1. Given 25 °C and 0.890 mPa s, compute D for region B:27-134 with the Stokes-Einstein relation, Rh being the Kirkwood radius over Cα pairs; round to the nearest whole µm²/s.
2. Summing Lys, Arg as +1 and Asp, Glu as -1, what charge do residues with Cβ under 14 Å from the Cβ of A:Thr61 carry, A:Thr61 excluded?
3. Compute the whole-percent fraction of alpha carbon pairs in chain A spaced more than 26 Å apart.
4. Compute the FRET efficiency between B:Ala8 and B:Leu130 as 1/(1 + (r/R0)^6), taking r as their Cβ-Cβ distance and R0 = 45 Å, and round to the nearest 0.05.
5. Taking amide H positions as placed 1.01 Å from N in the peptide plane, with prolines and chain starts having none, which residues 5 or more places from B:Val117, or on another chain, fall under 5 Å of its amide H?
6. What whole-number volume per residue, in cubic angstrom, does the convex hull of the C-alpha atoms of the protein assembly as shown give?
7. Which whole-angstrom value gives the distance between the alpha carbon centres of region B:103-137 and region A:15-32?
8. Spelling out what I want: for every residue of region B:19-27, take phi, set θ = phi - 60°, compute 6.51 cos²θ - 1.76 cosθ + 1.60 (Karplus), and round to whole Hz; glycine and proline get x.
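Derivation of every value follows stated rules applied to the coordinates shown; laboratory data play no part. As the structure is a prediction and not an experimental result, all values here were calculated from the model. Here the Cβ positions follow ideal geometry from the backbone for every residue, glycine too, while neighbour counts run over all protein chains shown.
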Amino acid sequence: MSEILNKPEVAKIYIDARGPRFAASITTLVLAIALVTQSAWVLALQGLVFLIGAVRGPQFTPYGLIFKSLIKPRLKKEAPTEDVRPPKFAQAVGFLFALVGLIGAIAGSSAVFTVAVGFALAAAFLNAAFNFCLGCEMYLLGLRFATK
Amino acid sequence: MKNYLPLAIVLVLATAYGLWWKRGEGAIRSNKAIPGHRLSEQVLGEALGSRATMVQFSSAFCAPCRATHALLSQMVETIPDVKHIHIDAESHLELVRQFDIRSTPTTIFINKDGIEVGRAAGTPKREQVLKALEAIH
């Protein structure tokens, strides 16, 4: 049986596991502001952050950089590490929701905007508050659905 | 114009879901088995443990899979009649469907005949694993 964690072709990049959770807290706040003010601009900025996180990795987003320069030096415990792929996947899902929300805003549909931002906010909040792992819960179901 | 209602709805629903999810996460349940399926040596491509085997399904976008793998593979080192087999869910979708695996990590506890006796979605606790293994003869 293939050992997924030992696959040679899978790049093993490990980052501080506390970084994505800190970023999820900021994301929750930003998306809450976007939802309350119905601001497409705030969502666009968050969408850009999601895009950087999905393409380059969460450690390169503004939130990741804040964590590295301001938060990490103040944490005393030894850093738990985490594979970069799960948070990258979550950022990609976040980007898709932001994109749908923005398209809704441009098309003048506040309902589409509200629902899309609402889902992205729920995922970010679950990650920040409960350490919920979106890739664990959704990826396999999505794959099962997509390959039926 | 500010509207706090959507924010309140999202936070209430997400908190309710989060609490429900956290409660079930890692628990080993004995009532989720799909009848009529066996995880045999032929299916798994590896010999089963002489008493029990823990078959862990993992995927790439899953942080707790690593922690679960570390826990289970370390535990079986001291339990000679129990094996830990690790499966990449993405490349075994037929098994994933057969056993109705929805999230990763999911660990299926099977007896020496390959019959499921319990499963855990999420990372189980060491004591829970020991208790589940003790019940398999």
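1. Working: Rh = 13.6 Å.
The calculation lands on 181 µm²/s.
2. Numbers: positive: A:Arg21, A:Arg56, A:Lys68, A:Lys88; negative: A:Asp16.
Surrounding charge for A:Thr61 is +3.
3. Working: 3068 of 10878 pairs.
Within chain A, distances greater than 26 Å cover 28 percent of Cα pairs.
4. Values: r = 43 Å, r/R0 = 0.95.
About 0.55, to the nearest 0.05.
5. When sequence neighbours closer than 5 places are left aside, the close amide H contacts are B:Phe109, B:Ile110, B:Asn111.
6. Details: hull volume 42.2 nm³, N = 285.
Convex hull volume per residue, Cα atoms: 148 Å³.
7. With region B:103-137 and region A:15-32 each reduced to a Cα centre, they are spaced 33 Å.
8. 5, 4, 5, 5, 5, x, 5, x, 5
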